[in-house]
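One structure is given below, encoded as structure tokens.
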Amino acid sequence: MSSIYDFQTIEKKWQSYWDENKTFHAEIDHTRPKFYPLVEFPYPSGAGLHVGHPRSYTALDVVARKRRLEGYNVLYTMGWDAFGLPTENFAMKNHIHPEIVTRDNVARFKSQLKSLGLSFDWDREINTTDPGYYKWTQWIFLQLYKHGLAYKKEMNVNWCTGCKVVLANEEVVNGVCERCGAPVVHKEKSQWMLKITAYADRLIDGLDGLDYIERVATQQKNWIGRSHGAEVNFTTTTGDNLTVYTTRCDTLFGATYMVVSPEHALVGEWLEKGIIKNVDEVKAYQLEASRKSDMERTELNKNKTGVCLDGVKGINPVNNTEIPIFISDYVLASYGTGAIMAVPAHDTRDWEFAKKFGLPIVEVVQGNTPSNLDEAAFTDVATGTLVNSGFLNGLSVNDAKAKMIEWLEANGKGCDKVNFKLRDWVFSRQRYWGEPIPMVKCDKCGWQPIPESELPLTLPEITDFEPGEDGESPLARHTDWVNTTCPCCGGPAKRETDTMPQWAGSSWYFLRYMDPHNDEALASKEALEYWGPVDWYNGGMEHTTLHLLYSRFWHNFLYDIGVVPYSEPYKKRTSHGMILGLNPRSFQNLPAAEQKELVAKYGSEKEAQKALVEKYGEMAAHPVVKMSKSLGNVVNPDDIVRDYGADTMRTYEMFMGDFEQSAPWNTASIAGCKRFLDRVWKFQDNVVDGDSYRPELEVPFNQTIKKVSEDIETLKYNTAIAAMMGLLNKIDAVGSINRKEYRDLLIMLNPFAPHITEELFEMMGFGSPITSQSWVTYDPDKCTESTVEIAVQICGKVRAKLNVPVDISAEDAIALAKAEEKIAAAIAGKTIVKELYVKGKLVNIVAK
RNA sequence: GCGGGCGUGGUGGAAUGGCAGACACGUUGGUCUUAGGAACCAAUGCUUUCGCGUGCAGGUUCGAGUCCUGUCGCCCGCACCA
């Protein structure tokens, strides 16, 4: 009899074995092809590992382990993205230094990850808060500065009222802070900026050569938001130039007014010069607009507001018509020129505004059917033809655009222009726990980079991490550190006290894994050339427009300055779905007894569910929700590993559903995966000799190996495991397993359940360790049985089943089908209209 | 509003245009047990009589969960980007 499958002992045994033997340690080896899979390194939060983390880690661990068996030299690594606000907040609250908080959290995360048997090369572990690491983060910043891509600017920033820190546009979600949920307001602050906009085109065009899943590429493109249009130079009655940006220069004849953003420079100028007559009204509107938070602006976006500037008019360059100029916050200062020409007949927003302010609506584009401009703007570009537009009359929209640009350029009234939604990256944070920005300010020389030889510029040891009330970094209070000398003139100077955002360290970490201990460079040329680029990067969708875009920007830049030998960092990007929790407040998830009780009380399930929604709120209507402490549905991976083992946990996470879709965690379902592994364990009692597949298992084995091999490559881990479960059922039907079959099964299962397969491999004397074996192969000719069961349909309805040789001819198959008793009876006396045979599937007879 | 995705048993989910519900969970019955929240075996979409079934209504096809049109619902992203 087999021993008990004591997963606790076995898993510890092999984890120590791998550690001691450095089984997964990778070194440059030019005799083997390399493979570099990457998962997003975690922020080591105080809460410990979430069950969501291992979904991604296990998925690429499966790929990494398979690749090693296939002969690749695999670099699979882990590290810590450890700078960040939660740690600093925890440190403040509990009066513990962030460094200690980080150290403790990392230790916990590391032991949790180790307990899962992930095949990381722990010798390459990195930590963004390690001065040896952030020396190079700072070094990259200096290169950006030296190439004019880092600059300091007084600007309107997103200010989180909760974190008391500046946020990047990407960090503001629905007008509130992505992290803490507090309202975000605008504030003028002097900030370090990175010129990501200089790479806008590259970041779109570079996607073409990459294997990114569609939704990631689309989201990045939309975020960068490239639009082709024209700048048109309007003039004003004051003699000023007022340039607008438009994608519809074909409609220039239909411009009946102009709108500039409340912050537009000309408005200030005109106010100063006394040109504007309704000063109070204009100033009041400006003030109101500046006070609005993003949330308020969003909420109000249906109801257009604005003020007409009294005393100045715009002049349309194409027909010299004078038109009114408004200020309105529906025009953004930060996009285009901060000014637009308004064509209410053909733009929905302009139409709304014109309706509200009673402005003329002039039709210049006509569709195939007459449009009612009292009802809505006509915006169909595809079918429109120009009217009331002088030299454009009769042209299609596209032709008119081209002709108008020609005209504008010929007359010096405008030009072609490409605009982007993407804005420069606000890079300053008024916090302690981040990389110091290696810049000093000298009264004489201005901002100066510190010499590279002085890197890393380390954080000073301080104990008070509270941000200043004025929004200054806590570092600003530490004058010993702040006061320094100017690297340029040697005179007194002050250090920058803001630190870098968390996205800094994670923008290049995958390069450091290639050569983590190098003190001369961020990584050696040899390592960068051998290991790079990342072959397969898996991570969350939430990073698509943040980390993923930022790191592509940095990497393209590093390529331009000759630091890395290729421009794009990641060849392939995939994304996993979130692991959700069951909502304990939803009717569907209540214990049966409670459900009965509620139905008795309220009459029906529907009414019971309604009552729950009334009691708990809208959320009770959703049976599957995000895990949260307040609902008490958070699952701790430690508990699962303790109760079921790491192999079961891994298998379950891969089996629970489509890897790319979100899936609810259901601890009750884990039993199935545990049983699966138990059955594999028990095969040891029923092993017979044999060094080839037995006839009845030959096809199932070949089929399963094919399925598992292919599914691992296409993220279909769930069906790969299902196929192995199906194979087990077939082996059980035979009643025993032979040594060849057992051995191949274990290799196939090894990437998913590495511990149990190592143990069985050793016990069975197949040679040890399993990690030095070769991946199983299949014979394509042996993936189908020699006879198959086909369906016989009459008019598409299945009427009988038939066993036929797999290579039977269509004629023979149809003849056999017709000879079948039920079929013969069904078609008797009818005219056969059509007969067809689909190989190995079915015969369909159409009879009337 | 725009862009992307998705609606399949009690549940998670399978199905190159070809026998819908693989593989699991759960449930029911059984075996073995002092016991079972263990293990194993059997049944399990609904109805059981023809039959009906992939959100709903049409269409294409010999054949549609899959393709097309419309519609309803849910999720995600963007959100006045001119």
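Taken together, A:776, A:843 contain a single residue that is within 14 Å of RNA strand B (Cβ to nearest atom) and hydrophobic (A, V, I, L, M, F, W, C), which is A:843. Selection of the range A:352-367 for residues being more than 11 Å from RNA strand B (Cβ to nearest atom) and either within 36 Å of the chain's Cα centre (by Cα) or closer than 13 Å to residue A:387 by Cβ (or both) yields A:362, A:363, A:364, A:365, A:366, A:367.
Looking for whichever is farther than 17 Å from residue A:50 by Cβ and among the aromatic types (Phe, Trp, Tyr) here; the options are A:109, A:120. Which one fits? Write out each step before concluding.
Values: A:109 fails: farther than 17 Å from residue A:50 by Cβ.
One residue alone meets the criteria, A:120.
A Cβ distance below 7 Å, combined with a sequence gap of six or more or placement on separate chains, defines the contacts here; from the range A:211-238, residues that are of a type in the set (Lys, Arg) reach residues that are surrounded by fewer than 16 Cβ atoms within 10 Å (Cβ to Cβ) and modelled with pLDDT of 90 or more in the pairs A:226/A:418.
Of all residues in the range A:57-107, how many are among the aliphatic types (A, V, I, L, M) and in a loop (DSSP other than H, G, I, E, B)? Step through it out loud before you land on a result.
Step one: list which residues in the range A:57-107 are among the aliphatic types (A, V, I, L, M), which gives A:59-60, A:62-64, A:69, A:74-75, A:78, A:82, A:85, A:91-92, A:96, A:100-101, A:106-107.
If we keep only those that are in a loop (DSSP other than H, G, I, E, B) as well, we get A:75, A:78, A:82, A:96.
Of the residues in that region, 4 qualify.
Looking only at the range A:314-334, count every residue that is assigned to a loop (DSSP other than H, G, I, E, B), farther than 30 Å from residue A:410 by Cβ and open to solvent by less than 30 Å² (accessible area, probe 1.4 Å) and tell me the total. The total comes to 2.
What number of residues within the range A:660-687 satisfy the criterion of being assigned to a loop (DSSP other than H, G, I, E, B), within 8 Å of RNA strand B (Cβ to nearest atom) and not small (Gly, Ala, Ser)? Steps first, please.
Residues of the range A:660-687 assigned to a loop (DSSP other than H, G, I, E, B): A:660-662, A:666.
Now drop any that are not within 8 Å of RNA strand B (Cβ to nearest atom), which leaves A:661-662, A:666.
From the residues that got through so far, the ones that are not small (Gly, Ala, Ser) too are A:661, A:666.
Summing the residues that are assigned to a loop (DSSP other than H, G, I, E, B), within 8 Å of RNA strand B (Cβ to nearest atom) and not small (Gly, Ala, Ser) in the range A:660-687 gives 2.
Can you tell me how many residues in the range A:1-27 are open to solvent by 50 Å² or more (accessible area, probe 1.4 Å) and either in contact with a strand residue (DSSP E or B) (Cβ under 9 Å, 6 or more places away or on another chain) or not small (Gly, Ala, Ser) (or both)?
Just the residues of the range A:1-27 that are open to solvent by 50 Å² or more (accessible area, probe 1.4 Å), to begin with: A:1, A:3-4, A:6, A:8-9, A:12-13, A:16-17, A:19-22, A:25, A:27.
Next cut, either in contact with a strand residue (DSSP E or B) (Cβ under 9 Å, 6 or more places away or on another chain) or not small (Gly, Ala, Ser) (or both) only: A:1, A:4, A:6, A:8-9, A:12-13, A:17, A:19-22, A:25, A:27.
Counting residues in the range A:1-27 that are open to solvent by 50 Å² or more (accessible area, probe 1.4 Å) and either in contact with a strand residue (DSSP E or B) (Cβ under 9 Å, 6 or more places away or on another chain) or not small (Gly, Ala, Ser) (or both) gives 14.
Among the residues in the range A:238-248, are any within 15 Å of RNA strand B (Cβ to nearest atom) and closer than 18 Å to residue A:549 by Cβ? The answer is no; no qualifying residue exists. The number of residues in the range A:599-634 being within 23 Å of residue A:662 (Cα to Cα) and of a type in the set (D, E, K, R) comes to 3. Sub-9 Å Cβ pairs linking a first residue in the range A:42-67 that is open to solvent by less than 10 Å² (accessible area, probe 1.4 Å) to a second residue that is among the β-branched types (Val, Ile, Thr) and assigned to a loop (DSSP other than H, G, I, E, B), at least 6 apart or interchain, are A:51/A:634; A:51/A:635, ordered by first then second residue. Looking at this structure, is residue A:104 surrounded by fewer than 17 Cβ atoms within 10 Å (Cβ to Cβ) and touching a His at 6+ places or on another chain (Cβ under 9 Å)? So residue A:104 fails the test. Looking at the range A:803-810, can you tell me whether even one residue there is within 30 Å of residue A:8 (Cβ to Cβ), within 47 Å of the chain's Cα centre (by Cα), at pLDDT below 90 and surrounded by fewer than 19 Cβ atoms within 10 Å (Cβ to Cβ)? No, there is no match, as no residue in the range A:803-810 is within 30 Å of residue A:8 (Cβ to Cβ), within 47 Å of the chain's Cα centre (by Cα), at pLDDT below 90 and surrounded by fewer than 19 Cβ atoms within 10 Å (Cβ to Cβ).
Looking only at residues in the range A:695-735 that are under 19 Å from residue A:678 (Cβ atoms), over 31 Å from the mean Cα position of the chain (by Cα) and open to solvent by 20 Å² or more (accessible area, probe 1.4 Å), the one that is farthest from RNA strand B (Cβ to nearest atom) is A:734. Total residues in the range A:820-840 satisfying the condition of being within 13 Å of RNA strand B (Cβ to nearest atom), open to solvent by less than 50 Å² (accessible area, probe 1.4 Å) and either outside any loop (DSSP other than H, G, I, E, B) or aromatic (Phe, Trp, Tyr) (or both): the figure is 2. Pairing each residue of the range A:530-552 that is open to solvent by 10 Å² or more (accessible area, probe 1.4 Å) with any residue that is within 16 Å of RNA strand B (Cβ to nearest atom) and not in a loop (DSSP other than H, G, I, E, B), provided the two are 6+ apart or on different chains, yields C-beta distances under 7 Å for A:541/A:575; A:545/A:170; A:545/A:219; A:545/A:220; A:545/A:223. Would the range A:361-372 turn up any residue that is closer than 30 Å to residue A:288 by Cα and in contact (Cβ under 8 Å) with a residue 60 or more places away in the chain? Looking for residues that are closer than 30 Å to residue A:288 by Cα and in contact (Cβ under 8 Å) with a residue 60 or more places away in the chain, one finds at least one in the range A:361-372, hence yes. One residue alone among A:638, A:647 is open to solvent by 30 Å² or more (accessible area, probe 1.4 Å) and part of a helix (DSSP H, G or I), and that residue is A:638.
So that you can scan it fast, the table gives a plain yes or no per residue for (1) surrounded by fewer than 23 Cβ atoms within 10 Å (Cβ to Cβ); (2) at pLDDT below 95:
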| site | (1), (2) |
| --- | --- |
| A:78 | yes, no |
| A:86 | yes, yes |
| A:116 | no, no |
| A:122 | yes, no |
| A:126 | yes, no |
| A:129 | no, no |
| A:135 | yes, no |
| A:138 | no, no |
| A:146 | yes, no |
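Scanning the range A:736-770 for residues that are more than 16 Å from RNA strand B (Cβ to nearest atom), open to solvent by 10 Å² or more (accessible area, probe 1.4 Å) and touching a residue at least 40 places away in the same chain (Cβ under 8 Å) yields A:739, A:740, A:759, A:763, A:764, A:769. Entry remark, the range A:553-566: residues being assigned to a loop (DSSP other than H, G, I, E, B) and either under 20 Å from residue A:40 (Cα atoms) or open to solvent by 40 Å² or more (accessible area, probe 1.4 Å) (or both) number 3 in total. Only one of the numbered conditions (1) of a type outside the set (A, V, I, L, M); (2) within 30 Å of residue A:543 (Cβ to Cβ); (3) without any contact (Cβ under 8 Å) to a residue 60 or more places away in the chain is violated by residue A:606, and that is (2).
Just for the range A:558-595: of the residues that are among the polar types (S, T, N, Q) and under 27 Å from residue A:615 (Cβ atoms), which one is farthest from the chain's Cα centre (by Cα)?
If we filter the range A:558-595 for residues that are among the polar types (S, T, N, Q), which is where we start, we get A:567, A:574-575, A:583, A:586, A:588-589, A:595.
Still in the running and under 27 Å from residue A:615 (Cβ atoms): A:583, A:586, A:588-589, A:595.
Values: A:583: 25, A:586: 29, A:588: 31, A:589: 30, A:595: 39 Å.
For the range A:558-595, the residue satisfying everything is A:595.
Summed over the range A:672-694, residues that are open to solvent by 30 Å² or more (accessible area, probe 1.4 Å) and either more than 23 Å from residue A:782 (Cα to Cα) or in contact with a Leu (Cβ under 8 Å, 6 or more places away or on another chain) (or both) total 10.
Among the residues of the range A:454-464, is any over 32 Å from the mean Cα position of the chain (by Cα) and among the polar types (S, T, N, Q)? Yes, some residue in the range A:454-464 is over 32 Å from the mean Cα position of the chain (by Cα) and among the polar types (S, T, N, Q).
The values are calculated or read from the model by the stated rules, or taken from the named source; none is laboratory data. Quantities reported herein were computed from a predicted structural model and do not represent experimental measurements. Note: ideal-geometry Cβ built from the backbone for every residue, glycine included; neighbour counts use all protein chains shown. For the accessible areas, the whole protein counts, side chains as well, though only heavy atoms, and no ligand, DNA or RNA atoms are used. Shrake-Rupley method; radii C 1.70, N 1.55, O 1.52, S 1.80 Å.
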